[in-house]
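Notes follow once the structure below has been shown.
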2 protein chains.
Amino acid sequence: MATHMHNSLASVTTTPKKGRVARRNDRLKNTESFSLRDLPLFATIDEETLSQLTLEAKIESYSPGSTIFRQDDPATAVILIISGYIKILRIAPNGDETLIAIRTDGETLIEPCTGSTDLYGVSAETIGHSTLVKIPVTRFARFLRDSASLNLAVMKDAKEKMTTLIYEIEALKSQTADQRLAHFLVKFCPHNEERCRFRLPYDKRLIAAQLGVKQETLSRAFAKLRDIGVRTETRDILVESVSRLKAECDVNSAPQGLLPRPNTPLSRDNAA
Amino acid sequence: MATHMHNSLASVTTTPKKGRVARRNDRLKNTESFSLRDLPLFATIDEETLSQLTLEAKIESYSPGSTIFRQDDPATAVILIISGYIKILRIAPNGDETLIAIRTDGETLIEPCTGSTDLYGVSAETIGHSTLVKIPVTRFARFLRDSASLNLAVMKDAKEKMTTLIYEIEALKSQTADQRLAHFLVKFCPHNEERCRFRLPYDKRLIAAQLGVKQETLSRAFAKLRDIGVRTETRDILVESVSRLKAECDVNSAPQGLLPRPNTPLSRDNAA
DNA sequence: CGCCGGGTTGATTTCAGTCAAGCAACGTGG
DNA sequence: CCACGTTGCTTGACTGAAATCAACCCGGCG
């Protein structure tokens, strides 16, 4: 995840101002260095639809910490990330912000299955500098009807996001902060490597928010992991034993193969 | 929610056996008392597709506590609930079950946007007696391509489910057990009624699982609510003041209109 | 310099999980 | 009809996890 694209967007990029204003609006077809095809959502769609979409797409660049849309804005655009990290969050009436997800290169901001006149339902803010593609939702909806391949891609995308949310609920309900952190870190470790190092893409406060704990708790969780060979220096992480780290994910879980599970955990037969 | 349908399914229903076996397989067209049209997912689709779907649909009836599918079963069918309550859950390798959602009359079990050969990803079990409609996923996928109205309905359904999951994550991350219970109860209160009574559709253990707490914690949460006029007798609930209950949802949240929020809660500008 | 912002650490409190007991309602089988 | 076990639910005492409050460190940077 989070593999940065190496498209030279030099012709589009200009130094972003502080505001949350788009830096440049440009028909994609004019910026040869980037193609919608590079976005996973459009990787498998038909050529015809792709070029039509390209005509409607606009590139916008946002400066750090700016709001892309608010949860009660009408959803007027389908938005994808060319580069950058975006916070998806819910803001309570009292101002409390709850992080829902962090999206990055190549991902859609929200599911593009928006039925045209809905609200976004969530808020989106940039973390660092970000470049986005926007496509008017009404246009997008038409292509969705006409192109089976686009349609399929959108459904796949929705299903994927749904799965991610389900895993997150599972983690929140069943794991401790330490386990969630272990899981989080494992995701950054390349497969089949026992020892690995990497750099966290955003700061600890955000990681804490993603794991659903306070910053201090996260800090202590990291401290515990030090004992099992996880060295940290601000954002640089060195995992000395991935398998040891993975073991930490299910600490306290007697695998109990087919042992006589006393009785079914969740009760049965209770409908009205 | 949970409004029971009053379709007489007498011609289909037989006394279910203990196993998790379907009681009757029947072409829907033969059971005049029920129409796919009654299911919200199909409420707005074109007549042509509806009748085609009807040809493919089978009705199955399950006894309490039986497994409908497991999370690593290949998703062979799109399944909707005619009546009953169904647990959607994830089962960890060690046997721990985490409740993801509870679905009921008229709802789809999983999002029908399955790209044919996937796994279900979650497990589903009946709570009480349940009657389901199953449509082979390959057939369904074809109708999905051919019918714009069905396609739209499926996307709406997916988006709705996604929204629900997001709210749940928000609740798990930002609310205490008591607040979550208060929210949960409010959902059962008819609008514009200050005093109301209702019956919980399933037992306390399940409610606890849904709220992400242990049964004992839930019991204590109910005990606290007694003090503000929420009377409970097993599954029968009497809320003496809905507004008082709603207030309990955001206890401890200084509404702080436009007060000088010290600094933005989640940090900004931290991308790689 | 001094003053951030990001991060850590410690002391304390609060919340929820755990372990254990108990009770009322129900069903079953002698 | 009653002893008995079961199930759903509650309560109490205790433990443990995470939030809270607070201090502090350290590396920019105006």
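Readers should treat all values here as calculations from the given coordinates under stated rules, not as data from a laboratory. As the structure is a prediction and not an experimental result, all values here were calculated from the model. No Cβ is skipped: glycine too gets one built from the backbone with ideal geometry, and neighbour counts run over all protein chains shown.
Close amide H pairs (under 5 Å, H built 1.01 Å from N) link A:Ala57 with A:Leu28, residues at least 5 positions away or on another chain.
Computed from the C-beta positions of A:Thr44 and A:Arg220, the FRET efficiency with R₀ = 41 Å rounds to 0.40.
For the stretch A:28-173, the number of Lys pairs separated by eight or more positions or lying on different chains, with C-alpha atoms closer than 25 Å, is 16. Label sites at A:Arg199 and B:Asp96, each approximated as a point 7 angstrom past Cα along Cα to Cβ, lie 3.4 nm apart.
Centre-to-centre, using Cα atoms only, the stretch A:162-197 and the stretch B:206-224 are separated by 27 Å. Straight-line reach from A:Lys224: taking Cα to Cα under 16 Å and skipping same-chain neighbours fewer than 8 places apart, the aspartates and glutamates in range are A:Asp178, A:Glu216, A:Glu233, A:Glu240, A:Glu248, A:Asp250. Using a 7 Å projection from Cα along Cα-to-Cβ, the label point at B:Leu238 is separated from the same position in the remaining copies by 6.8 nm, smallest value first. Relative contact order, whole percent, for the stretch A:175-249 stands at 43, derived from Cα pairs under 8 Å and 6 or more residues apart.
With a simple spin-label model that places each label point 7 Å from the Cα along the Cα-to-Cβ direction, the separation between B:Arg142 and A:Leu119 comes to 4.2 nm. Considering the stretch A:215-254 at the alpha-carbon level, its Rg and Dmax are found to be 10.7, 34 Å. Here, the stretch A:115-204 has an Rg and a Dmax of 18.1, 49 Å when only alpha carbons are counted. Put a dot 7 Å past the Cα of B:Ser35, heading toward its Cβ, do the same for A:Asp73, and the two dots end up 4.3 nm apart. Using C-alpha pairs below 8 Å separated by at least 6 residues, the relative contact order for the stretch B:36-186 is 31 percent. Comment: the Cα-to-Cβ extended label point of A:Ser35, at 7 Å, lies 4.9 nm from its counterparts in the other copies, nearest first.
Take A:Val186, push a point 7 Å out from Cα through the beta-carbon direction, and compare it with the same point in every other copy: 3.7 nm, smallest first.
This ranking places B:Val186, B:Val242 by how few other beta-carbon atoms lie within 10 Å of each, fewest first, which gives B:Val186, B:Val242.
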